[in-house]
Amino acid sequence: MFRTLRPDAVLVQAVIAGALSFAHLHDLAAAAGQDGWKAWAYPVSVDLLLVAAWRRMRTDTANRDAWLWFAIALIASLGANVATAGLLDMSDVPAWLRILVAGWPALAFLGGTLLAHAPHPGPDPEPADVLVVERTPEPAPELPPAEPAPVEIPPEPTPQEERPEPAPSAPAVPVPPALLAHAQKIADAHRAQTGAPIDAETLRTRHGMPAALADSIALQLA
């Protein structure tokens, strides 16, 4: 299935302009003494140099050589087109123009070679891999163990003074009242003489009483 060809205004205009420029360059080269196939080669050389410089400018806008050769090719094309507009006697071309036309092949060859061997801009360099070095965190310095807080030890209770336990009371022995009254008189006399109460041992010794009876009387007299 064939695709339908539709004319493009820009393409048609480019073809017409290229044909006219080609004819003007051919006529100028022929008037400058370049006859035969050489006259046809000049337009091709100028236009090819113009296109090559333009393409290099698109791929590398910072290339100054591309701009220079584009300007040279454009001046050569414009000069040829203007010269054939009646401003120049085509039957008597000046010598300087013959020199320019004759020297153009060498100039175009130099320009085409330089453009062809100009370094192409490479892709943007990829960012270098960043080497991440992981450092093991240094252990924190060990602190000395904290001294335990002093524990207040409650003072031990002071032991109570030992109190002599009272001697067990002797078993009560019934004392006759008369004997008790007599013993009271003896105890009073002993107190008067010694200033101290009479004890059970004294009662037993002086009166020959049994120990239990003497103890009972001494308790009652105390």
request  = Could you please tell me which pairs satisfy a Cβ distance under 6 Å, a separation of 6+ or placement on different chains, a first residue in region 36-62 that is touching a residue at least 12 places away in the same chain (Cβ under 8 Å) and within 14 Å of LEU107 (Cβ to Cβ), and a second residue that is open to solvent by 40 Å² or more (accessible area, probe 1.4 Å) and assigned to a helix (DSSP H, G or I)?
outcome  = ALA53/PHE70
Filter result for SER91 (in a helix (DSSP H, G or I) and touching a residue at least 12 places away in the same chain (Cβ under 8 Å)) = no
inquiry  = Checking the condition part of a helix (DSSP H, G or I), at pLDDT below 85 and not hydroxyl-bearing (Ser, Thr, Tyr), which residue from ALA71, ALA146, ALA83, ALA118 passes?
reply    = ALA83
Matching residues, region 46-102, being surrounded by 17 or more Cβ atoms within 10 Å (Cβ to Cβ), in contact with a Pro (Cβ under 9 Å, 6 or more places away or on another chain) and hydrophobic (A, V, I, L, M, F, W, C) = ALA80, LEU88
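The values are calculated or read from the model by the stated rules, or taken from the named source; none is laboratory data. Only a predicted model underlies this, so the values are computations on that prediction, with no experimental measurement involved. Ideal geometry is used to build each Cβ from the backbone, glycine not excepted, and the neighbour counts take in all protein chains shown. Each accessible area value is taken on the protein alone, full model and side chains, heavy atoms only, with ligands, DNA and RNA left out. Shrake-Rupley method; radii C 1.70, N 1.55, O 1.52, S 1.80 Å.
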